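Read-outs throughout are calculated quantities, based only on the coordinates presented, and are distinct from any laboratory measurement. Just so we're clear, the structure is a prediction, and the values are computed from it rather than from any experiment. Here the Cβ positions follow ideal geometry from the backbone for every residue, glycine too, while neighbour counts run over all protein chains shown.
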Amino acid sequence: MRPAPAVDFSPGGEPRRLRRRALRILVPIIALGLVGTALAALALRRTEEDRLDRALDQQTVAVERTLSAEMRRYSTSLQDIAGAVGAQSRLEAAEFNAITATTNRQRLPGATGVAFVVPAGDAPITAVQRFWRESGNPGLRLRPTPGAAEHLFVVMAHPIDGVGDAVGQDMAASPQATAALRKARDTGQVAISSAYRLLRDANLPAARQQLSFVLVAPVFATSPGAPDTGRFRGWMMMGVRGGSFLSEAIGRTAGNTVAVTLIDQTAGVLKPFGWWRPAAPIDRDRAARTVAIAVPQGKWVVAVEATERLLPDADLHLDLVAWGVGGVITLLLATLTGTVITSRNRALRRVDAATAALRDDIERREAVELQLRQRETELVGFAGVVAHDLRSPLARIAGYCDLLRDEAGPRLDPEHRDYLERLYAGAQDMRSLIDDLLNYAMAENQDLVTTEVDLNRVVAEVVRERVNGQGVLQPKIVVWPLPSVEADATMLRQVLDNLIGNALKYAPAGEDPRIEITGRPVDGGGWHIEVADRGIGVPRDQVDTIFEAFTRARGSERYQGTGLGLAIVHRVVERHGGEVGVAANPGGGSRFWFSLPPVRCRVPRPGSPGG
Ligand code: ADP
């Protein structure tokens, strides 16, 4: 039965085994590529996150510093005014306006104005009103807050943003302002209120209303000539709108990189009151930073959030770029590997197909060879049978020719005697051909019957028989000691008979044949037997073909022969497991040799050559 093919060549598709192998290589490559890409993207994402976090931290510090510095600047400005007001022996509207005019030159974004606030104390409101009307503000009309424990009247004011009029207001209406005023008076320091809607903004449209705070600085009389030197006189108060303050203070520095929320915690609760919201969208993935702002006697925190413009190149999304590049590289790698595997698979399939075709071819040739061999055996057998059947009629022809020659020869005229001689010679030729054919058929078909054969004895017999038929020639034959071998005696005799016969036959015309027969052991066992002569030699290009049946070499035309002798030698030696060949004999002639394997050989007894 023929073995199953290595590849499944089922019609209509890629062999499944190769596809599975390709997948086994491709899947890890793609997985590796994707994992590598994911790691690279992750690393880039981490780096980008770190950079963004650092940038947000830096911006938060900048916001904190800017707001704290601004708050210090506002407080200092207010304190300076409070100092100047306290230095007046009697504060008149004109002086107040001159002192507070400095705020026009200072940039105080969000500031609504500065005002001088006095406590009414136990004095009647009308007395207070009269006192301050006489100080240069004749139109003053105090508007006391009903039910207030202590009235805190704005008696002079310098507007900065020009919105609303605070003069005459009772700050007791605002608990946040009242608390800040009291804190400032109690501590003698600037204080800040918690966030609230300014009283003066009450009439503004809702869209323009903001949460604000007031900064208050206590005013103490410091003029040496004044009767109240060293006493508390009131407060300088500055109203500031939270949103405007924040936008102006940090809008320019922070730009659109962060969003900021000002949160007041002065009253103990978180109260957002100022917002900076740039146009860029807020980055919701990043936690907001909160940091405390230094404000006088108050508590502020600021919350800073990153926007998507925090880093100029952050929107490049390097992780996405990594995914893209990694994906493309993985795809290219997979395509390349796929192409290599496909080509390899295609080559494998071609090799498999070629191997299968070769196997078929070999099987076909073996079958043909077997057939030829059978036919050859049949033909050789047939030739043997024919030769055998021709033998006896031929023997009769030759016999009668011989008889005729002996008895009628002397009476025949020369021409008829010549005819008779030719007839006789033809019969002889035919007999040699028939003998050779029979021997060839025997060498081909007959079973080997092996016995121990002493080559010395066989050679001696052959030489004796052959030399007797050499006529006038005096052959010189040297035989060196030869081994005993395990072989078919009859067939081996034919081998030596043919080789020695040829060596005698192919001597140059008119020369005595000179022959040397030797045997030598070969490495690894077995024997090499050689028949060397000084004959006409074999053309170099025919050393192989002369062992084929009916083949004769150039130059041997004038010698009798059938072209079967060496074919018999070849076949017999081959059937004994040996080899045959011929080489040129240095100095002229040929060296025909044959070998026999170890099991066919016995070591010869030591001796000297015979002749
Ligand atoms: P043949 O009957 O012609 O001798 P062989 O088969 O014995 O047939 O030899 C084949 C041919 O080999 C011969 O015709 C001859 O040309 C050549 N040959 C064989 N033996 C010798 C030799 N000893 N010297 C030269 N030529 C040889």
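A straight Cα-to-Cα reach below 17 Å connects Lys299 with the aspartates and glutamates Glu64, Glu70, Asp264, residues fewer than 8 places away in its own chain not being considered.
Taking Cα centroids, how far is region 181-209 from region 228-248 in Å? For region 181-209 versus region 228-248, the Cα centre distance is 9 Å.
A Förster distance of 35 Å, applied to the separation of the beta-carbon atoms of Asn256 and Val301, puts the FRET efficiency at 0.95. Over the Cα atoms of region 375-441, the radius of gyration divided by the Kirkwood radius equals 1.16; this is the Rg/Rh ratio.
For region 160-223, which trypsin sites (Lys or Arg not before Pro) are in a loop by DSSP, counting at most 16 other Cβ atoms within 10 Å? Those satisfying the criteria are Arg197.
Based on the alpha-carbon gyration tensor of region 446-600, what equivalent-ellipsoid semi-axes (square roots of 5 times the eigenvalues) come out, in whole Å, largest first?
Ellipsoid half-lengths, sorted descending, are 24, 17, 15 Å.
With both labels modelled 7 Å from their Cα along Cα-to-Cβ, the Arg90 to Asp435 distance reads 18.0 nm. When the P(r) of the chain is calculated, the portion above 36 Å amounts to 68% of the C-alpha pairs. Placing +1 on each Lys and Arg Cβ and -1 on each Asp and Glu Cβ, with no other charges, gives the chain a dipole about its Cα centre of roughly 3540 debye.
Loop-only trypsin sites (Lys or Arg not before Pro) in region 92-144, please: DSSP not H, G, I, E or B, and at most 13 other Cβ atoms within 10 Å. Taking region 92-144 and a limit of 13 other Cβ atoms within 10 Å, the loop trypsin sites (Lys or Arg not before Pro) found are Arg107, Arg141.
The length gained by stretching the chain between Ala292 and Thr337 to full extension, at 0.36 nm per residue less their Cα-Cα distance, is 10.2 nm. Among the trypsin sites (Lys or Arg not before Pro) in region 527-575, those located in a DSSP loop and surrounded by at most 13 other Cβ atoms within 10 Å of their own Cβ are Arg554, Arg558.
Extending each Cα 7 Å along its Cβ direction at Leu32 and Asp285, get the distance between those two points in nm, one decimal. Going by the 7 Å Cα→Cβ label model, 3.0 nm. Cross-link partners for Lys505 among the lysines, with Cα-Cα distance under 16 Å and sequence neighbours closer than 8 places in the same chain left out: Lys476.
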